[in-house]
1. Rounded to the nearest 0.05, what FRET efficiency is calculated for A:V26 and B:V26 with R0 set to 41 Å and r the Cβ-Cβ distance?
2. Gap in Å between the Cα centre of region A:38-107 and the Cα centre of region A:140-160?
3. In peptide A:150-159, what is the residue-averaged number of other protein chain Cβ atoms found within 10 Å of each Cβ?
4. I'd like the FRET efficiency for B:R18 and B:Q96, computed as 1/(1 + (r/R0)^6) with the beta carbon distance as r and R0 of 22 Å, rounded to 0.05.
5. Tell me, what is the percent relative contact order of region A:71-191, built from C-alpha pairs under 8 Å that lie six or more residues apart?
6. Give me, ordered by chain and number, the residues 5 or more places off B:L150 or on other chains with an amide H under 5 Å from its own placed amide H.
7. Could you tell me, in Å, what Rg and Dmax come out for the Cα atoms of region A:15-69?
8. What residue in chain A has the Cβ closest to the axis turning A into B, and how close is it in whole Å?
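Please treat every number below as a calculation from the coordinates, not as lab data. Every value quoted in this text rests on a predicted model; they were computed, and no experiment measured them. Positions of Cβ are backbone-derived with ideal geometry, glycine not excepted, and every protein chain shown enters the neighbour counts.
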There are 2 protein chains.
Amino acid sequence: MAESSRITARDGMRADARRNRERVLVAARAVFAEHGIDAPMATVARRAGVGVATLYRHFPTRDALVRGAFAQQMETCARALTEALAAPDPWQGFQQLVETVCALQREERGFPAAFVAAFPESTSEHAQSRQRAERDFTTLVRRAQASGALRADFHPSDLAVVLLAHCGLVTALPDDGAASRRLVAYLLQSFRTDPANKALPPPTALTLRSLPTATDSPQGQRPPRA
Amino acid sequence: MAESSRITARDGMRADARRNRERVLVAARAVFAEHGIDAPMATVARRAGVGVATLYRHFPTRDALVRGAFAQQMETCARALTEALAAPDPWQGFQQLVETVCALQREERGFPAAFVAAFPESTSEHAQSRQRAERDFTTLVRRAQASGALRADFHPSDLAVVLLAHCGLVTALPDDGAASRRLVAYLLQSFRTDPANKALPPPTALTLRSLPTATDSPQGQRPPRA
DNA sequence: GTCCAAGCGGACGATTGCGTCCACTTAAGA
DNA sequence: TCTTAAGTGGACGCAATCGTCCGCTTGGAC
């Protein structure tokens, strides 16, 4: 049989293979952040210091690479949900969850794009954990509503609305955390039953016009002026 | 000089040229709606029933084509602002404005993408009308705040936040007007000083999971599964 | 009807990205 | 140390898109 007779590592990978895989992931995150998830595979390979073949062996499709690159972030999201459920005050948990996920989207460049790309996903493997996440979130919503803090007509699917909208925002204005914080604050506030009208974070410092100033924005190709 | 001695039409274009230009614009809207604004120029030309050269003559860059294709929508936006300023109740005007623009983004496929693509824009030609639009909107905001209906800490730049977020949402969920309406309602509500807590439009009928169901979503290339 | 410049279409070379194939290198068990 | 299969790298063939060039067609003035 010699199934894995000569292999030492527990994951059945040779040491160099594991090392290269890791290097590819690091490079992928960097390149995706810089040029968007549509960046050429060869660029990722070069950045990682490996050949294209190596990259393709570890990640046969761009999709697999994207998923691999942001698996950690996805896990952080999952953890945030668990923590939210465990929080003593369900509204607190809810709020924390939304803020954590949005912060993640805001900070890890390229992650938002990966996030929406992964959205229509129901891959066999993910379907299960996804279903669980949904169930947990619904529970959280019910509890928060029962506590009276979350408006009764909030629907779990509204989370998707929030996250996708937020993705769009941070993708369009990559360098600006202020806008993201502002949006999240507005939304959380209208989710809250009691309109305590807490102070919002400061508005975007820029005027409406002078926004990204065409600084060769990554992702989302920007054709040259006429 | 014979500057335009033999030309009849007032815009200095031959009849067939003008006809073709119009056909290209119609085709561009259709194709952009179907395949996103990154669709090949040749596709637009074929759809219009003209050669690529003709397309390139009328619109030297993809950017010019996009701008041409959605100029009408942009004008509708501008008109909405004018109407909003003219409305007797400034809050009513404000609300109407946001809803009109968002409805436009929701209905005219491809327009959202064009919208965010055009955003960092300050082209000589547009700078002027843009500046005026900004000034007008700021006036509208001030009036609405003075009337007590719009929260005092709303900042004109928040409009950009709303529109970009909304663009992101409708781009990610192209066929679903419900999500868009829901987002707009949430946001407008948190802009309003008096939290009348009006009923929201019904939530997305879908569960969190079964959203676009990978139906070969247009724009935003979707690499094949592993 | 005649003429000619504006307008037209499609072929074409260039560029870019994809994914595979194959000969070479190396980790690691014996 | 020796062996060998796992791992590696980059050249290569293929496909898509871009934007231009050039010879043909046609609107419209006279």
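1. With a Förster radius of 41 Å, E is 0.30.
2. 26 Å
3. Neighbouring Cβ atoms belonging to other protein chains average 5 per residue here.
4. After rounding, the FRET efficiency stands at 0.05.
5. 31 percent
6. Close amide H contacts, sequence-distant or interchain: B:Q145, B:T193.
7. Rg then Dmax for region A:15-69, in Å: 9.7, 30.
8. Output: A:G168, 0.
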